[in-house]
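The values are calculated or read from the model by the stated rules, or taken from the named source; none is laboratory data. The shown structure was predicted, so the numbers you read here are calculated from the model rather than taken from an experiment. Don't worry about glycine lacking a Cβ; one is built from the backbone with ideal geometry, like all the others, and counts go over all protein chains shown. Just the protein is used for accessible areas: all its heavy atoms, side chains included, with ligands, DNA and RNA removed. Shrake-Rupley method; radii C 1.70, N 1.55, O 1.52, S 1.80 Å.
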Amino acid sequence: MDSILVTGNGPLNGQIPIAGAKNACLTLMPATLLSEEPLTLTNAPRLSDIRTMTALLQSLGAEVTSMNEGKVLALSSHGLDNHKADYDIVRKMRASILVLGPMLARDGHAVVSLPGGCAIGARPVDLHLKALEALGAELELKDGYVHAKAPGGLKGGTFEFPIVSVGATENALMAASLAKGTTVLKNAAREPEIVDLAQCLRRMGAQIDGEGTSTITIQGVDRLGGATHPVVTDRIELGTFMLAPAICGGRVELLGGRRDLVGAFCDKLEQAGVEIEETETGLVVARNGNRVRAVDVVTEPYPGFPTDLQAQMMALLCTAEGTSVLEEKIFENRFMHAPELIRMGAQIDVHGGHATVTGVEKLKGAPVMATDLRASVSLILAGLAAEGETVVSRVYHLDRGYERVEEKLQGVGARIERVSDRG
Ligand SMILES: CC(=O)N[C@H]1[C@@H](OP(=O)(O)OP(=O)(O)OC[C@H]2O[C@@H](n3ccc(=O)[nH]c3=O)[C@H](O)[C@@H]2O)O[C@H](CO)[C@@H](O)[C@@H]1O
Ligand SMILES: C=C(OP(=O)(O)O)C(=O)O
C-alpha cells in the first residue's frame, strides 16, 4: 500500500489546476441511466471513486468509455440487462445509491444494496427512499437491499426534506425528471453539484426550475435524450489547495477556481488573515510573514462552510495564533483527523460535535494515518507546515478524491512524494 511522504516546507508559489468535481461527476454519471441516448461528460476527474462508479454502471449493462486520459467519459445505457446494484460494489462507495432513482424512473424497477455506514457517520438513506415514495415508488427492504418498483411509472408529487441532503435531492431530482406531472422538492440542497446536475438534465431535455434555491420544481417528461456536459469545478479540491499557501505562506493561483463556489470558506480564510483575489483565470491565495489568526467555524449545507473542508481548515487552525472552535453539524463522527494532528504536536480538544484548537507555533512531522478522504489530505497540509518528515499512510482514501495530489503540490514547490511499499 502506498504512503505519502511530506517534508516541511517554506512558501509555495505557482499555479495549481483544479479538476472537475468528484461529487458532481458521481451524480452526473448515473444520470445516463435515465436515457437510451449517449451522455458525454467532459472535465471529468481521474479518481478511484469515478472508476468505482464506472464499474457499477458497467455491472448494470451500461457502457462507459474513458477517453482523453480519463478527462472525457462517454456513457450509454441503451440496453440495461441488470437492474441490481450489488453489495460488493455499493459498499465501496455511498454515492452508489444514486443509481436507484434513475433506474426506477426509466424502467420501473431496481434493486440496490443499502450502502451501510462509514467512518464519518451512520449516513442512512431514509430520505432518498422517502422522496422516491413521495413519487409513488413501492419499496421493500430485504436482505440488505432496497427492492423498488413503480409498475405504472413514477408520478410527480411534493416532498419536503426534513433535513438538507445532497444525495437525496439528487436522487429525487433525477427520478422526478421522468415522473408523470409536476414534482416540487422543498428544503432541497443548494450545492453547486445540484445546480450542475440540473443543468445536465436540462441539456438532456428535462424541465427543471429553481435549482440552487431550496425549492426545485420539475415538470416530468416522457423521455430524456443525449447530451454533452462539462463537470463543474471541484470546490473541495479548490478549497484544499487554497489552504496550501495559507498554511505554508507564499502565493498560489488555483486555476479554474471561483469565489462563488467557496464563498463561506473564503470569508473565514480572510478573517484568518489570508489574502484572496479573484482573477480571470482563477483565485489567487497569498500569505506573507505573519501567522494566521484563530477563527471559529461551523459546518453547514451550502452556502455555509462545507463539512468536506473542515478537516483541512483544522490543519490550518492548528498553526494559528489563538484558539478556534470548529463545530461539525453535518456528520456526527468527523473529527478522526484530530488524534492524528495531535500526534504532530497540535493542541485539540474534541468534545461532542465541537473541537477546540489552540494554535501552536510549529507542528512536528510524524507517521500518521487517516480513515477518510478529507482527513488524509488534512494531514498532508499539516505535514507541509510541520518541522521534519510526515508519512501519511492509507493513501487509497486520498486517491478517492484527489488526482495526482503530489504532482500538483510539487508544482508549487512542495516537498512531497508517493512511496510505494511494493518493492
Ligand atoms: C458523493 C457526495 O456528493 N458526497 C457528499 C454528499 O454526501 P451525502 O449526499 O451522502 O450527504 P447528505 O447531504 O445526504 O448528508 C447530510 C446529512 O443528512 C443525513 N442523511 C442523509 C440522507 C438520508 O437519507 N438520511 C440522513 O439522515 C446524513 O447522515 C448527514 O448527516 O454531501 C455531503 C454533505 O455536504 C458531503 O460531505 C459529501 O462529500
Ligand atoms: C464524504 C465525502 O465523500 P462520500 O460522500 O463519497 O463519502 C467527501 O467527498 O468528502
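A few comments on the model shown:
- The residue of the range 126-137 that is farthest from Thr307 (Cα to Cα), among those that are of a type outside the set (Gly, Ala, Ser) and open to solvent by less than 10 Å² (accessible area, probe 1.4 Å), is Leu135.
- Among residues of the range 115-155, those that are β-branched (Val, Ile, Thr) and touching a residue at least 60 places away in the same chain (Cβ under 8 Å), counted: 1
- Of the residues making up the range 206-238, those that are part of a loop (DSSP other than H, G, I, E, B), of a type in the set (Lys, Arg) and buried (at least 17 other Cβ atoms within 10 Å of the Cβ) number 0.
- Test: residue in the range 192-201 that is under 27 Å from Pro151 (Cβ atoms), of a type in the set (A, V, I, L, M), away from ligand 1 (no atom under 14 Å from the Cβ) and over 18 Å from the mean Cα position of the chain (by Cα): yes
- Test: residue in the range 128-141 that is within 16 Å of ligand 2 (Cβ to nearest atom) and on the phi > 0 side of the Ramachandran plot: no
- When the residues of the range 310-361 are filtered to those that are over 24 Å from His397 (Cβ atoms) and β-branched (Val, Ile, Thr), the one that is farthest from ligand 1 (Cβ to nearest atom) is Val360.
- Hey, Gly383 under 22 Å from Leu238 (Cβ atoms) and within 13 Å of ligand 1 (Cβ to nearest atom) or not: no
- Annotation note: Cβ proximity below 7 Å between a residue of the range 328-340 that is in contact (Cβ under 8 Å) with a residue 24 or more places away in the chain and part of a loop (DSSP other than H, G, I, E, B) and a residue that is among the basic types (Lys, Arg) and buried (at least 16 other Cβ atoms within 10 Å of the Cβ) (sequence gap 6+ or interchain) occurs for Glu328/Arg334.
- Top-ranked residue of the range 98-123 - restricted to ones that are over 24 Å from Ser59 (Cα atoms) and open to solvent by 30 Å² or more (accessible area, probe 1.4 Å), ranked as farthest from ligand 1 (Cβ to nearest atom): Ala119
- Qualifying position, being in a helix (DSSP H, G or I), within 16 Å of ligand 2 (Cβ to nearest atom) and more than 22 Å from Lys84 (Cβ to Cβ), among Leu197, Leu201, Leu173: Leu197
- Within the range 51-75, the set of residues being under 15 Å from Glu37 (Cα atoms) and β-branched (Val, Ile, Thr) comprises Val64, Thr65.
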